[in-house]
Every structure is written in structure tokens, then in C-alpha cells.
Amino acid sequence: MSQVHVTRRYRFCAAHRLHTDQLSAEENWAAFGKCNNPNGHGHNYVVLVTVKSGSGQNVCNLDRLDQMVHEKVVERFDHLDLNCDPAFAELTTTGENLAKVIWDILKPVLPSDCLQKIGVIETRDNYFEYGSAA
Ligand code: NI
């Protein structure tokens, strides 16, 4: 059965450093290049949240969605170092992992099966997606 979706756009600025303690300094540099710079760097992240829309079951109220995303995601990460967030204690702060972390934060606080996809735009040329299989 076809279903209408709506995507809302949110923004936050955050610092990060691509680094894993499971690799040596040389291996980290080889894997992540200048993104492994010890002083870190920042991004103007754009987060695209896609939910079920229209009428029917498990539809998400957009005011409620905005409130949840601001409260649980934007306020949590804006102007902070992602590497210091507990969600990344065991995870590298890649765009892939950020999309998955945001999914895991929002999934339990939205109506069941409402959340369809998380998109993260990290740079002009890097876009990451995580979501339920089509
Ligand atoms: Ni980066």
C-alpha cells in the first residue's frame, strides 16, 4: 500500500574528529586523513527527518516532530564536540554513525512505525542515510 511521506529539515553545528582507539595513530591517519587531525574540525550539519504523513495510522504530527527533534537532537548536539557525546563512546563520529544515532534517539519517542528515514548532510558532497528498508 502506498504511503505519503514528509521530510523536515533541521540544522546544528558541531565539532568532531574521526578517530578510533582500535587503530594506531598511523592507521587512524591512513583511514581518516586530515579528518583525524587531533584538534578536530566542525560541520554545519543538516538533518533530514522523513516520517509518514497524510491520514491513517502511525502518522506523525509535525509540531510534535519538530519539538522532539529540537529537544532530543538539535539541543543535544548543537555547538558541541560529537566525540564527547556518550552515544559515540564506542562509535566513530562518521556521518553514517551520526545518522544511525539520530535514528536510535528518535525511533522510541515517535509513534510506532512513523519514522522512515534519517538523512545527514555533512559537507557539500557528503550525504548519509539510515532508515527502514523500502
Ligand atoms: Ni568531518
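So what's the back-of-envelope 222 nm ellipticity for the chain, counting only DSSP H runs of four-plus at -39500 (n - 2.57) apiece and dividing by all residues, rounded to 500?
-6000 deg cm²/dmol
Taking 0.36 nm per intervening residue step and subtracting the Cα-Cα distance, what contour gain separates ARG11 from ASN61 on full extension?
Full extension from ARG11 to ASN61 adds 16.0 nm.
Residue separation times 0.36 nm, minus the C-alpha to C-alpha distance between THR20 and ASN39: what's the value?
Length gained between THR20 and ASN39: 5.4 nm.
Average the reciprocal distances over every distinct pair of alpha-carbons in segment 1-54, invert the result, and give the Kirkwood radius in Å.
13.9 Å
Hey, any idea what % of the chain's accessible area is carbon plus sulfur with a 1.4 Å probe?
Of all accessible area on the chain, carbon and sulfur atoms account for 49 percent.
Report the charge-dipole magnitude of segment 45-134 in Debye, nearest 20, computed about the Cα centre from +1 at each Lys and Arg Cβ and -1 at each Asp and Glu Cβ.
340 debye
Take the Cβ-Cβ distance between LEU80 and ARG124 as r, set R0 to 25 Å, and report the resulting FRET efficiency rounded to the nearest 0.05.
Efficiency for this residue pair is about 0.65.
Just to confirm a number: summing +1 for Lys and Arg and -1 for Asp and Glu over residues other than VAL6 whose beta-carbon lies under 12 angstrom from that of VAL6, what do you get?
+3
At 1.4 Å probe size, with every protein chain present, just tell me what the per residue accessible area of segment 5-131 comes to in Å².
57 Å²
State, to one decimal in nm², a quarter of the convex hull surface area for the C-alpha atoms of the chain, i.e. the direction-averaged projected area.
For the chain, averaging the hull's shadow over all directions gives 8.7 nm².
The values are calculated or read from the model by the stated rules, or taken from the named source; none is laboratory data. Owing to the predicted nature of the structure, the values given are computational and were not obtained by experimental measurement. Here Cβ is always computed from backbone atoms with ideal geometry, including for glycine, and neighbour counts include all displayed protein chains. Surface accessibility is based on the protein's heavy atoms, side chains included, excluding ligands, DNA and RNA. Shrake-Rupley method; radii C 1.70, N 1.55, O 1.52, S 1.80 Å.
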